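Asks: One structure, as structure tokens, below. Some questions next.
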Amino acid sequence: MFVSYIEENENSIIGSTTSGQRLAGLYFRTAQACLNAGQRNRALRHLECACYFDKKNDGLQEIFSSVLSDSAPPVNCRNKSKTAILMLSCDMLYDRAEKLAEYISANVGYEVFVVTGNPHAEAIELIRTRFGNRIIVPCEDGYAELSKKLILAYRYLYCCTDCSSVFKIDDDVIVKESGKFSEMLDLCYNSTFDYIGAVRSFSSSIFHHGAMKYGEQNTTFADHSPVDFCDGGQGYYLSRNSLRHILKQSLTYYTLRNTTICYEDVLFGEMLKASNISPKNWNLPILGGYVTDCYEPLKLIRSL
């Protein structure tokens, strides 16, 4: 009954004048009640609120990570460097992503995780595949939720896998030279840099160039702070240290509440800047022998 009261009155509780630490304690006790009832996924939501209201409490963030690692299926990366390739996709285009991921897995030898969203899912789901794993995260699957989708995927990779790093690409990437692609991943892994990609600068708020849902053409306003970031469309590399800081920032100053209308790649640039991590400018498509923005018909993708 206590848990239900907190959930039903969340808006008024958050809007109250109660101190942040008191609210954090309230949500932490609610999470404990959920855990005692065996409701781990429900507890995660309240732990996230506790972390938000007590931003400097590293212990709360560690508890969140521990509960998440116990709540979602674990994965051990198979390649030598334990670099995970994360392909951002959606349910509408999953067949296409599947073919591209299978090609990368077969020819490069790295495990691929394809992430899609499902608003009806109550928790992160994992489906084993020929190329690696499909991650289904509990959120909408359109452009407006790209940031939330990636935050949930990065949290999963950090807390539930033994990955040393992540190379993020979209489902419009075709690897032309698998040898160069593998060498590029090794180069990133063996470097001293935490965040590598095609660096862009964001100096003012602009309109989002994409649709909010698949097939729509509407644009919307996106608000960000000035920051250098790695272009998401070109692919970028994140060390495990970067994943740790993304987890921390997403639980405190850049929460899921604030991720609906924004460029997802700029958002991660902001998060990492807040953690004193700067992007390193490398032309990864050239180094890795891959091309982006490829929208060939699926029948041609199948012929790879």
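Asks: For residue 110, only one of the following conditions fails: (1) within 25 Å of residue 293 (Cβ to Cβ); (2) modelled with pLDDT of 95 or more. What is its number?
Replies: So residue 110 meets the others, but not (2).
Yes/no per residue for (1) hydrophobic (A, V, I, L, M, F, W, C); (2) more than 27 Å from residue 196 (Cβ to Cβ); (3) assigned by TED's automatic domain parsing to the domain that holds residue 175:
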site	(1), (2), (3)
47	yes, yes, no
55	no, yes, no
91	no, yes, yes
94	no, yes, yes
97	yes, no, yes
106	yes, no, yes
124	yes, no, yes
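Asks: Filter segment 91-107 down to the residues that are polar (S, T, N, Q) and within 21 Å of residue 293 (Cβ to Cβ) and list them by number.
Replies: Of everything in segment 91-107, just one residue is polar (S, T, N, Q) and within 21 Å of residue 293 (Cβ to Cβ), namely 107.
Asks: May I ask you to list the residues in segment 122-180 that are within 21 Å of residue 81 (Cα to Cα), small (Gly, Ala, Ser) and in contact with a Phe, Trp or Tyr (Cβ under 9 Å, 6 or more places away or on another chain)?
Replies: 132, 153, 164, 165, 178
Asks: Can you pull out every residue in segment 109-151 that is touching a residue at least 60 places away in the same chain (Cβ under 8 Å), surrounded by 19 or more Cβ atoms within 10 Å (Cβ to Cβ) and among the aliphatic types (A, V, I, L, M)?
Replies: Passing the criteria: 144, 146, 150, 151.
Asks: Additional query: Select the helices (runs of 4 or more DSSP H) contained entirely in segment 206-304, then report the ones holding at least 3 residues which are closer than 29 Å to residue 107 by Cβ, assigned by TED's automatic domain parsing to the domain that holds residue 61 and modelled with pLDDT of 75 or more.
Replies: Because the criterion is at least 3 residues that are closer than 29 Å to residue 107 by Cβ, assigned by TED's automatic domain parsing to the domain that holds residue 61 and modelled with pLDDT of 75 or more, no helices (runs of 4 or more DSSP H) in segment 206-304 meet it.
Asks: Next question. Taking the condition of a type outside the set (S, T, N, Q), under 16 Å from residue 246 (Cα atoms) and not in a helix (DSSP H, G or I), does residue 55 pass? Quick ask: steps written out before the conclusion?
Replies: Details: of a type outside the set (S, T, N, Q): yes; under 16 Å from residue 246 (Cα atoms): yes; not in a helix (DSSP H, G or I): yes.
When the stated conditions are applied, residue 55 passes them.
Asks: Now a separate question. Please verify whether residue 28 is under 30 Å from residue 236 (Cβ atoms), among the hydrophobic types (A, V, I, L, M, F, W, C) and not assigned by TED's automatic domain parsing to the domain that holds residue 125, treating the condition exactly as stated.
Replies: Considered against the rule, which asks whether it is under 30 Å from residue 236 (Cβ atoms), among the hydrophobic types (A, V, I, L, M, F, W, C) and not assigned by TED's automatic domain parsing to the domain that holds residue 125, residue 28 comes out as no.
Asks: Look at segment 102-149 and say how many of its residues are within 18 Å of residue 265 (Cα to Cα) and hydroxyl-bearing (Ser, Thr, Tyr).
Replies: Number of matching residues: 3.
Asks: I want to confirm something. Restricting to segment 178-202 and keeping residues that are touching a Cys at 6+ places or on another chain (Cβ under 8 Å), farther than 18 Å from residue 243 by Cβ and aliphatic (A, V, I, L, M), which single residue is surrounded by the fewest Cβ atoms within 10 Å (Cβ to Cβ)?
Replies: Looking at residues that are touching a Cys at 6+ places or on another chain (Cβ under 8 Å), farther than 18 Å from residue 243 by Cβ and aliphatic (A, V, I, L, M), I get 199.
Asks: Could you grab me the full set of residues in segment 137-186 that are within 19 Å of residue 64 (Cβ to Cβ), small (Gly, Ala, Ser) and at pLDDT 95 or above?
Replies: Scanning segment 137-186 gives a single hit, 153.
The values are calculated or read from the model by the stated rules, or taken from the named source; none is laboratory data. Because the structure is a prediction, the values reported are computed rather than measured. FYI the Cβ positions are ideal-geometry reconstructions off the backbone, even for glycines, and counts take in every protein chain you see.
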